[in-house]
Every structure is written in C-alpha cells, then in structure tokens.
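Bear in mind that the values in this text are calculations on the coordinates, not laboratory data. Everything quoted here is computed from the prediction, not taken from an experiment. Note that we place each Cβ from the backbone using ideal geometry, even for glycine, and neighbour counts take in every protein chain shown.
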Amino acid sequence: MGGMLNSSLLTDFRLTCLERNLGVHGVHVYQEGQGEVAHRSWADDRVELFSASKTFTSVAIGMCVDEGRLSLTDLVLDYFPEYVGIATPGSEAIRVVDLLQMRSGKDYEFFQEEDQDLVYSMDLAEQFFRGDQVTPAGTHFYYANACTYMLGRLVTKTSGQELREYLVPRLFSPLGILNPWWNTCPQGHALGCAGLQLSLTEFAKLGQLLLQDGTWDDKELVSASYVEALHTDVVPPERHFGGGEWNVGYGYQVWQNVRPGSYRVDGMYGQFSIVLPDLKAVVTTLAHNEDNTGAILNAVSSDIVDKL
C-alpha cells in the first residue's frame, strides 16, 4: 500500500466486523514510515487487557535479564527459599524459561487448590510450589496463569519493586503511558497474567516496541536479543486451544501466527497486538467476542494485512 495510512484502510475490516458481529470496538494500525490509523466505537478508555497483560510481564523479565538480575535458566525455587520445605518434588527443577513458555509442569489453569478462601488466605507463590507437579518441568505445554504470576513475583524478588513500579520508569513512562493500574492479588502483588488496564492507543505501543526490537525514541528499553527470543524460542502448544492460530508455537508469553515470522500479544475476547516484521507493521484490536476470536484474526489478515 503506497503513501501514508488513512482511514480507508479500515473500511472493509469495519464492515466485516459489523456484518459478522465480531464485537470489535477498536482497531489500530501502525506501519513504519507510513504513520498510524485507528477507529474506535467509543472513547479511548482503558480496559482490562486480560492475558494481553502477560506480554508486559515478559518484557519485565527481559529487562531483569538485561540488568543482570536473573538468567532464563535460573531455578525459580532458588529465589523463594522460604518455600523449599513445602515445595512438591519436581518443583525445584522449574526454570524461569519454563514459566515463560508455560511448561512449569503445574498443569492446571491457575492454582490447584479449589477452596478460594484458602487460596486467597495464603501467599499465591506458596500455593504455586505446594501444587502437584503433574508433568516434569520443561516437558509439557499447559497454559497456566500461575506461570505468569510467578514471573511477576520474580521481578519483585530480584528488583525489590512490585511489577508495576518496576515497569513505570523502564517501560510505561518512556512509552507515554501515565499511571497505569494493574490489579493485584490479596497480598498486593500485580497479577501479571491479567489485570493491566490500558487503552487501545496505549496497548498498541507495546506491539510497536516489539516491532522496533525493544527500542523507543532511539533508546533501548529491552534488548533486541530478548525480543528476538521472545517470538522465536517457541514450544508447540500441543493443541491446548482450538484453531489454527493457536497451534503454531508459543514463545515468551506471545503466540506465533500462521503467517510466517509474525506473532501476537493475545488476550481473551479478541485483544490482539499482531506484530508483522516483514511488513514493518502492527495491527492492534480490542474486542469482546466470546465465541470466535479466530474470526477477528482472519478478518485482520484478509481486510487489513493483505492491503499493507
């Protein structure tokens, strides 16, 4: 597509969303050298990003690696000596990279304990280590929110700052995201796996940062080497979710797309920031689609990406 981006780029996508009732209420397209264009059904208000929050947590881990606070091959339990005595056998083998790739072996959605009163009266890190080791660490993909929660706890353990506070000067402020809110667990730690509140415009900046290999306004916020590994050091999702776009590969809290070389930040109901390095572009959506978010990805591909 020649020239600067303009609103006509979004016309077919908007019509598809209306005709198919896809629930999209915001779309933003950025292309290097061509500017940006967006359409929203309402004000650019902040919403909870659900699992799209996970990639922000991953970036925080990358920053900790860059600062020499931890290594991806470090054993997670080593940072939590207070729980060595209660950790189930096998927990000691979980590495940081296993949390990033959802291969902790704690194969349940969040925490094993189903008594919510008990869960929330106990430190969630303790709950994590107490939970059964269902499969050996590093061997089996299972999409578990607790993995990302523990990544946030690692940021706090190694930096002395809560996840949000750690990211404010290093990520949020440089991107022009002022005073973001991040929901916390009862102990006051950011959920990490969900709960970050951002607008469409703010969310789109993460995709652009990744497209730019971790650099913003000529300043490296997170290393290019980590950004590269984030979407290339992948494991097979083993059909944990339905649909082709969830069967390609899972990296450091991002999903690979069917389109070769592309990947995405992915949140429930159709919250996507799709990074397209070959086109030097990012397409970001906010939506509430409880039935078929894959249809949103298909519409992005046919109605936007194919025209860039």
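Which net charge results for the neighbourhood of Lys280, defined as the other residues with beta-carbon distances under 12 angstrom from its beta-carbon, given Lys and Arg at +1 and Asp and Glu at -1?
That sum, taken over residues with Cβ under 12 Å, equals -3.
Would you indicate which of (i) 59, 43, 35; (ii) 61, 40, 33; (iii) 57, 54, 39 is the value of Cα extents along the principal axes in Å derived from the coordinates of this structure?
Here Cα extents along the principal axes in Å agrees with entry (ii).
In terms of Cα to Cα distance under 16 Å, which lysines are near enough to Lys219, apart from those fewer than 8 places away along the same chain?
The reachable lysines, counting only those whose Cα sits under 16 Å from Lys219, are Lys205.
What value, in deg cm²/dmol to 500, does the helix sum -39500 (n - 2.57) over DSSP H runs of n ≥ 4 give at 222 nm once divided by the residues of the chain?
-8500 deg cm²/dmol
Which peptide among 196-207, 243-254, 60-71 comes first, and what is the full order, when sorted by highest mean count of other Cβ atoms within 10 Å?
196-207, 243-254, 60-71
Just need the Rg to Rh number for segment 62-172, please, alpha carbons only, Kirkwood Rh.
Looking at segment 62-172, the ratio lands at 0.96.
Given Cα pairs under 8 Å that are at least 6 residues apart, what percent is the relative contact order of the chain?
Reported as a whole number, the value is 24 percent.
Give me, ordered by chain and number, the residues 5 or more places off Gln271 or on other chains with an amide H under 5 Å from its own placed amide H.
The list, which skips near neighbours in sequence, is Ala287.
Using modelled backbone amide H atoms (1.01 Å from N, in-plane), which distant-in-sequence or interchain residues come within less than 5 Å of Ser199's amide H?
Val47
If you add up the charges near Gln197, with Lys and Arg at +1 and Asp and Glu at -1, over every other residue whose beta carbon is less than 13 angstrom from its beta carbon, what do you get?
Net charge in that neighbourhood comes out at -2.
For Arg20, what charge total do you get from the other residues with a beta carbon under 13 Å from its beta carbon, if Lys and Arg give +1 and Asp and Glu give -1?
That sum, taken over residues with Cβ under 13 Å, equals -3.
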